[in-house]
Every structure is written in structure tokens, then in C-alpha cells.
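The values are calculated or read from the model by the stated rules, or taken from the named source; none is laboratory data. The structure presented is a predicted model; accordingly, all values stated were derived computationally and were not measured. Neighbour counts run over all protein chains shown; Cβ positions are idealised from the backbone, glycine included. These area figures cover heavy atoms from the full protein model, side chains too; ligands, DNA and RNA do not enter into them. Shrake-Rupley method; radii C 1.70, N 1.55, O 1.52, S 1.80 Å.
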Amino acid sequence: LGMPAVPTKLADRRVSRQIQVGSVAVGGDAPVSVQSMTTTRTSDIGATLQQIAELTASGCQIVRVACPTQDDADALSTIARKSQIPVIADIHFQPKYVFAAIDAGCAAVRVNPGNIKQFDDKVKEIARAAGDAGTPIRIGVNAGSLDARLLQKYGKATPEALVESALWEASLFEEHGFRDIKISVKHNDPVVMVNAYRQLAAQCDYPLHLGVTEAGPAFQGTIKSAVAFGALLSEGIGDTIRVSLSAPPAEEVKVGLQILESLNLKQRRLEIVSCPSCGRAQVDVYKLADQVSAGLEGMEVPLRVAVMGCVVNGPGEAREADLGVASGNGKGQIFVKGEVIKTVPESKIVETLIEEALKIAEQMEKDGVAS
Ligand code: SF4
């Protein structure tokens, strides 16, 4: 007998083919990876590499760079060589840049079939060049640039239209024996997007790159992406994700990582379990939670720290966490692994929590629990 096992995930992953984007495997049993895209001019090699370094430091695993001009195409080989993470060239309109990106050693190339004129005629050559170089292709269908033929057929960018566009392009590659493909079907409406990916997932075994396109400013975009990715990932759909925000790309990575951690698809790092406060609170919970978050920022170990405003739920939650505080009467009871280790005055709560967190983190690192 004993306690029933608590499920740690929501669904099994959909079985997809695995492709290799440089050093990062995408699909199959590979962990869901987080991507972002640079906002610099790609031709400005120094600025682009600087931003890639920042993205890498924030936990980004694959980076995409735009390639709208010949100068950008010329910069690709240096960027691909010097980047710490795989670089995907993002190509719209000009098939010649697809070849340039493959020649430059990019880890993959994203093409938008709706935007590349005479793309259908070029597929044979692209399939051959990409196949020879071992470069995967992302077929990136976007609601805003859907193939004119499909727009006419469906009237607007419906899930069916997005999926038909993607699978049509994939079939052109398949005719030439090329299946080193991943697919995205992005839409700015999470409901349309989720339905599109569900249909796509049922109709092919290619790995899927999830994205809500033009999701908006940070707050709205974060919610839209979390809701849409959450729905899909909880059904096992999705192999790599990109959160699109009108905000610096490192923010996108932060949100993407947090989404994966929330779903247990990535090992959780620091987690602050703080109460929303209420009329019973005997301490300024917001301030305390902010101060503890700031004090522990950057900690890589999966530490759960509870910050509770009173003794009603406080001790219970604080006991469930690795470390916690329950406040009351101008004091804080500090818990470590369920035991009250000390009671300190309110003014000492933050420094005591940080001190204890560092001790636990050190022990976790010694025990090899670090993510
Ligand atoms: Fe309110 Fe206490 Fe619960 Fe915080 S822990 S929400 S202060 S009852």
C-alpha cells in the first residue's frame, strides 16, 4: 500500500521524428528546447554575437537571425561559427539566401513558403543542398503571410489553411526524399493556433516548433504564449518553443523556460511559493517575496522557498518547501525541510532565508541535484 504516486507530467509526448539542429536534438525524446530571435541587424556581426551571448547566458538553446539582405547573408558564416548555440537563418522572399545560409554552415534554415516566390520550383535544389550539407529546414507558416492560393481557398488563415500550407510544402520536399524538417503554424490567436497544431500533430510525425506569432507586449504575450503552449504541451504536442514578445529577446527566453518548468518539462530552478496576502497577513508579503526573489536571483538549484504572510496556511506551505517562512507577531518562523529551525525578528527574515538558502544550495550542488 502506501501513498498513491503523484503524477509529475500531464501527458506522454507525441512521438515525432528527431532532427538535429546543430548540437541540439529536436523531437523524439529530446527535451523541449527554448528558442529566441535576435533583434539586431544581422549584418552587424559584433552586435548580433553580443546579443546571442546574452541569450545564451539567459538559457536560450537555439537562436534565429533574420536575413533580409545580402549583407546579412554575408555575415552568417561568422555568426554561425562564433555563436555558442546553434544559429538558424530566417529567410523570407529570396531563395538565394537559403543557399547562402546552408553554405554558411547555419544549423538550420527557416523558410516561409507563403513568402518565397517560385519556392515550389526551387524545392528540388534546396532539398539537394540542404540534404548534402545535413541542414534541416523549418517550414514556418505564418497567418500573416499565408500562401495566396490558400487564402483564396479558405477566406482567411484558418487552422486548416495553415496546416494545408505546411503539409503541402513538406510534401514538395518529400518528393525529393528530404524529410529533415520541422514545422510551425503560427497564428496570433491562441485558439486558432492550438487547433492548427493539434491538426498538424495528428497528420504528420515531424517535430513541431510552437509559437504564437505577434503575441504582443510582455504581459499579454506571456499570457497568450503560456496558455497556448500549456494547452499543447500538456497534450504532449511541441518539441521546441519560441515565445514572441514585443520585449527584449532575453525576456522571451525567461518566459519560455518558466513555461517548461511549470509543466515539469524542464527541471525547476528556484521557485518562490508566496501567498497572495489577505486580511490576515501580519507582514508585507509582496515586499518580502520581492526581497527574497531578488536575494536569490540566479540560483540554479531546484530550491522551493515558501514566503507566507501568516500562521494560517503559512506553516503548512512552509513545511512543504525546502525552506520557508511563516510570519506573525513581528517575527518569522524559519522552516528547513519541515522543521522550524529558528524564529527571527521580522527585520532579519530576508537575510536569514538567504543565508539558509545558500547553505541548502551548497548541499544540493554537492549532492549533484543542480539543474
Ligand atoms: Fe492570507 Fe495567511 Fe494565506 Fe497569506 S498565508 S493568503 S496571509 S491566510
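Residues are listed down the side, and each one gets a yes or a no for (1) buried (at least 17 other Cβ atoms within 10 Å of the Cβ); (2) of a type in the set (D, E, K, R); (3) within 28 Å of the chain's Cα centre (by Cα):
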position	(1), (2), (3)
A247	yes, no, yes
S262	no, no, yes
C275	yes, no, yes
V283	yes, no, no
V292	yes, no, yes
G298	no, no, yes
N313	no, no, no
D322	yes, yes, yes
Would you check if there is a residue in the range 40-49 being more than 22 Å from the chain's Cα centre (by Cα), open to solvent by 60 Å² or more (accessible area, probe 1.4 Å), among the polar types (S, T, N, Q) and modelled with pLDDT of 95 or more?
-> no
Conditions (1) within 21 Å of E365 (Cβ to Cβ); (2) in contact (Cβ under 8 Å) with a residue 60 or more places away in the chain; number of the one not met by V305 | (2)
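Checking the condition more than 25 Å from L232 (Cα to Cα), free of Cβ contacts under 8 Å to residues at least 40 places away in the same chain, open to solvent by 60 Å² or more (accessible area, probe 1.4 Å) and outside any loop (DSSP other than H, G, I, E, B), which residue from E174, E160, E164 passes? Break it down into steps so the answer makes sense when it comes.
Working: E160 fails: more than 25 Å from L232 (Cα to Cα); E164 fails: more than 25 Å from L232 (Cα to Cα).
Residue meeting the stated conditions: E174.
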C275 vs (1) among the hydrophobic types (A, V, I, L, M, F, W, C); (2) more than 16 Å from the ligand (Cβ to nearest atom); (3) modelled with pLDDT under 95: all pass except (2)
Of residues in the range 302-359 being among the hydroxyl-bearing types (S, T, Y) and in a helix (DSSP H, G or I), the one nearest to L270 (Cα to Cα) = T352
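Okay, residues lined up against (1) touching a helix residue (DSSP H, G or I) at 6+ places or on another chain (Cβ under 6 Å); (2) among the acidic types (D, E); (3) within 9 Å of the ligand (Cβ to nearest atom); (4) closer than 24 Å to S36 by Cβ:
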{"position": "V243", "(1), (2), (3), (4)": "yes, no, no, yes"}
{"position": "P248", "(1), (2), (3), (4)": "no, no, no, yes"}
{"position": "G279", "(1), (2), (3), (4)": "no, no, yes, no"}
{"position": "Q282", "(1), (2), (3), (4)": "no, no, yes, no"}
{"position": "K287", "(1), (2), (3), (4)": "no, no, no, no"}
{"position": "V292", "(1), (2), (3), (4)": "yes, no, no, no"}
{"position": "R304", "(1), (2), (3), (4)": "no, no, no, no"}
{"position": "G309", "(1), (2), (3), (4)": "yes, no, yes, no"}
{"position": "G314", "(1), (2), (3), (4)": "no, no, yes, no"}
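Residue by residue, here is whether (1) more than 16 Å from the ligand (Cβ to nearest atom); (2) of a type in the set (D, E, K, R) holds:
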site: A318; (1), (2): no, no
site: A326; (1), (2): no, no
site: Q333; (1), (2): no, no
site: K337; (1), (2): yes, yes
site: I341; (1), (2): yes, no
site: V350; (1), (2): yes, no
site: L358; (1), (2): yes, no
site: Q363; (1), (2): yes, no
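Anything in the range 216-233 that is within 15 Å of N264 (Cα to Cα) and open to solvent by less than 10 Å² (accessible area, probe 1.4 Å)? List them, or say none. Before you say what the answer is, go through the steps one by one.
In the first step, residues of the range 216-233 are kept if they are within 15 Å of N264 (Cα to Cα); the result is 226, 229-233.
Once the filter is applied, which keeps residues that are within 15 Å of N264 (Cα to Cα) and open to solvent by less than 10 Å² (accessible area, probe 1.4 Å), the range 216-233 yields F229, L232.
Restricting attention to the range 147-157, and to residues there that are within 23 Å of L232 (Cβ to Cβ) and without any contact (Cβ under 8 Å) to a residue 12 or more places away in the chain, which single residue is surrounded by the fewest Cβ atoms within 10 Å (Cβ to Cβ)? Break it down into steps so the answer makes sense when it comes.
From the range 147-157, those within 23 Å of L232 (Cβ to Cβ) are 150, 154, 156-157; that's our starting set.
Restricting the remaining residues to those that are without any contact (Cβ under 8 Å) to a residue 12 or more places away in the chain gives 154, 156.
Working: Y154: 16, K156: 10.
Across the range 147-157, the extreme among qualifying residues is K156.
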